[in-house]
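Chemist: Below is the structure I would like to discuss, written out as structure tokens.
The values are calculated or read from the model by the stated rules, or taken from the named source; none is laboratory data. Computed from a predicted structure; not experimentally measured. Glycine gets a Cβ as well: all are built from the backbone with ideal geometry, and neighbour counts include every protein chain shown. Ligands, DNA and RNA are stripped out before the accessible areas are found, and what is left, the full protein with its side chains, is counted by its heavy atoms. Shrake-Rupley method; radii C 1.70, N 1.55, O 1.52, S 1.80 Å.
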Amino acid sequence: MARKKPDFRGQAYKDVLGFTFRHWRRQPWRIALIATLVLLSALADVLTPLFAGRLVDAIASGPAGEAASRGAALAAFGSLAALGISATVLRQFVFHNIISMTLTMMSRIAGATFHRVQRLSTDWHANSFAGSTVRKITR
């Protein structure tokens, strides 16, 4: 059985990434916000095992009625709950900002595309079918 070798066109990837990064540069504050929120969410995920370990240690350290072990267990549980909620909320903000960024990019790209088409000469518009023009634009 013959294997198909993947066809990686280096220039095509460079062109697409360059196009994408040019549009990302128009929203640097949103990119920085997304990166910050992702890092904070990852930090909450990284700290979760630490506080889970503290919860296990607090439970294993003494009898259930002892006030010090109960306080330590409740503090560790509260920290775990806060980390879980904050990680979830941060991820939601990340997705919200990614969606807003891509919608802004898509509307700008569509506007620029139609601006370029409208700048073409009247002869071009008279000799081009509307369906083929839309098909070319959407490709």
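Chemist: Only one of these is of a type in the set (Phe, Trp, Tyr), at pLDDT below 90 and within 30 Å of ARG108 (Cβ to Cβ): PHE8, PHE95. Name it.
Modeler: Working: PHE95 fails: at pLDDT below 90.
The match here is PHE8.
Chemist: Sticking with this one: If you scan the range 87-99, which residues turn out to be out of contact with any Lys or Arg (no Cβ under 7 Å at 6 or more places or on another chain) and open to solvent by less than 40 Å² (accessible area, probe 1.4 Å)?
Modeler: If we filter the range 87-99 for residues that are out of contact with any Lys or Arg (no Cβ under 7 Å at 6 or more places or on another chain), which is where we start, we get 87-96, 98-99.
If the condition is that a residue be out of contact with any Lys or Arg (no Cβ under 7 Å at 6 or more places or on another chain) and open to solvent by less than 40 Å² (accessible area, probe 1.4 Å), then ALA87, LEU90, VAL94 are the ones that fit.
Chemist: Hey, another quick one. For ALA73, are the conditions met, namely being assigned to a helix (DSSP H, G or I), surrounded by 12 or more Cβ atoms within 10 Å (Cβ to Cβ) and without any contact (Cβ under 8 Å) to a residue 60 or more places away in the chain?
Modeler: On the way: assigned to a helix (DSSP H, G or I): yes; surrounded by 12 or more Cβ atoms within 10 Å (Cβ to Cβ): yes; without any contact (Cβ under 8 Å) to a residue 60 or more places away in the chain: yes.
Judged against the criteria, ALA73 is a match.
Chemist: Still on this structure, I have one more. In this structure, does ARG22 turn out to be within 30 Å of ARG108 (Cα to Cα), of a type in the set (D, E, K, R) and at pLDDT 90 or above? Step through it out loud before you land on a result.
Modeler: On the way: within 30 Å of ARG108 (Cα to Cα): yes; of a type in the set (D, E, K, R): yes; at pLDDT 90 or above: yes.
In short, yes.
Chemist: Checking the conditions here, which among ALA112, ALA82, ALA35 is under 23 Å from LYS136 (Cα atoms), open to solvent by 40 Å² or more (accessible area, probe 1.4 Å) and among the small types (Gly, Ala, Ser)?
Modeler: On the way: ALA82 fails: under 23 Å from LYS136 (Cα atoms); ALA35 fails: under 23 Å from LYS136 (Cα atoms).
Among ALA112, ALA82, ALA35, only ALA112 is under 23 Å from LYS136 (Cα atoms), open to solvent by 40 Å² or more (accessible area, probe 1.4 Å) and among the small types (Gly, Ala, Ser).
Chemist: Just to verify a result, which residue in the range 21-32, among those that are assigned to a helix (DSSP H, G or I) and either open to solvent by less than 50 Å² (accessible area, probe 1.4 Å) or aromatic (Phe, Trp, Tyr) (or both), is farthest from MET101 (Cα to Cα)? Give the steps one after another, and end with the answer.
Modeler: Of the residues in the range 21-32, the ones assigned to a helix (DSSP H, G or I) are 21-24, 28-32.
Filter again for either open to solvent by less than 50 Å² (accessible area, probe 1.4 Å) or aromatic (Phe, Trp, Tyr) (or both), leaving 21, 23-24, 29-30.
On the way: PHE21: 12, HIS23: 10, TRP24: 8, TRP29: 10, ARG30: 7 Å.
Here the residue is PHE21.
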